[in-house]
1. Fully extended, how many nm does the chain gain between N45 and E166 (0.36 nm per residue separation, minus their Cα-Cα distance)?
2. Compute for region 38-99: radius of gyration divided by Kirkwood radius, i.e. Rg/Rh, restricted to C-alpha atoms, rounded to two decimals.
3. What percent do you get for the relative contact order of region 207-278 when only Cα pairs under 8 Å and 6+ apart count?
4. What pairs from K163/K273; K48/K163; K416/K449; K86/K380 go past 28 Å between their alpha carbons?
5. Using a 10 Å cut-off around each Cβ, can you sort H230, H196 from fewest to most neighbouring Cβ atoms?
6. Let me check the size of region 377-477 from its C-alpha atoms; what are the radius of gyration and Dmax in Å?
7. How large is log10 of I(q)/I(0) for region 127-279 at q = 0.09, 0.12 Å⁻¹ when the intensity is taken from the Debye formula with one equal scatterer per alpha-carbon?
8. Which loop-located GluC sites (Glu not before Pro) does region 388-419 contain, where loop means any DSSP state but H, G, I, E or B and the Cβ has at most 14 other Cβ atoms within 10 Å?
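The numbers here are math on the coordinates, done by the rules we state, and not lab data. Small disclaimer: the values here were computed from a predicted structure and weren't measured. Virtual Cβ from ideal backbone geometry, glycine too; neighbours counted across all protein chains shown.
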Amino acid sequence: MFEKFTDFIREVFSSLDSGYLFFGGPLDLVRYVIDIILVTFVLYNILKIIRDTRAWQLLKGVLLILVFILFCSFLGLEMVGYIFNKLLYIVAILFVVIFQPELRHALETVGLKSFSSFQSAIISDDSEDQLRYVSMVDEIVSACTEMSKTYTGAIMLLERSTKLGELLKQENVVRLDSSVTNSMLQSIFYKGSPMHDGALLIRDGRIIAARCHVPLSETFHMIERYGTRHRAAVGASEIGDTIAVVVSEERGTMSIAVDGTLYEMKDGQDLRKNLLYLLGLTSGTSKLTIRNKKHNKKNGKKAKVAASASEPVTAFSVADSSDEYDSEREEEAMPVVARKKTKQKKGKRSRNALLLLVSFMFSLMLWMYIQVTTNPVTEKSFTLQLQYENDNVLKEKNLAVKYPTENVKVRLIGRKSDMEDLTSSDLSAYLDLSEIESTGSIRLKVNVKCDERIYYRVEMQNPTDIPVSVYTRESDDE
């Protein structure tokens, strides 16, 4: 296999040097490029999804094994190559089984991003609905603030585009149909309540279920730093676009989990502002503002000072967000979810670029492997009868040629699919008599052409040119 791969690479560069392309025509080349780009995109997103999971370490181990096997193949260790070829299909099946949770999460993410743009937001344009959701946020903030003071643990799931209907089918779930109020939330999560340990599910601004059990997150930082309730909140946020609000029973802190990331809130006002931001709401004259990228770069140093400020983050009104407020106040007004996402994006650019490069290299090698195994570069030999073209041109010049009776042997190199169907009748070897200008002994180049529209290269030709004798045509030669 390694020799086939080397031969394929060598022929690719040989074809480029000689002006040929073994990839086919321009449309075929475009198709190959699109194929590689699509596979790169898929691999890149899969790697991004599993990067913070335990499967990432397993994947690195698999890659190390593959590198070891390739190195053994390069050294010509036949037994290692034999074992690898026999276990290849088993490894492929095990890969699907082991990475089943990550593959499922990848499909859920693709489905969410694909259809979210076609779905309406959770909040309609109706002002009454907006006021109802603002009231819901205020009740949640009040309840969380009170529960954080008494160290009462709680976890609330705010459903958005992704529906969590599977949580309602659990055995111990308690179905409800209640409005979201401070007293209702505190009574559900009261330490003596039987519904204290589960999660609360809110859909369309109403409580529809309690005591829901959510799959725990498996990301490294969650396993090492947080307990079950926070891992459940992050796990719920990984299911589509769900917002999870969690109150710590040990530390009395309030946090929001979005897109698999946990954000700790400073106080109730910070929690309220971020919930309004995530739900796309405005309350009264308050408005959540985010600095644009150009302003960020211009005032980068000041923004860092503001980000490290110890005073609480507060929202400000539209009237207050005029030019009299400088970049520090504008940074403070940014919701912590938006601010941390911006910083995370900056920190992840280099890592994402590396993942993109790895995905491209892997997809390119995978494409070459498929080409080598399914349609490799092969050789085929032919014996062709020599033909002559443009004989009428010699008659016009009153010249004649003594025709040599020779055959031409050629060996062509091309893709296997083209070479298998190619026969001697599809090829022709000829002399172009239009190149003759005067009498004498000259050598004419033997040209080889193919009637089929395939891409090939002449590896060997014998002879490459033939001597011919040219003389003046006599009257009896007509």
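1. That works out to 41.0 nm of additional length.
2. 1.04
3. Normalised by residue count, the contact order of region 207-278 is 20 percent.
4. K86/K380
5. By the 10 Å Cβ count, ascending, the order reads H196, H230.
6. Gyration radius and largest Cα-Cα distance of region 377-477: 15.9, 53 Å.
7. -0.23, -0.43
8. Answer in residue order: E406.
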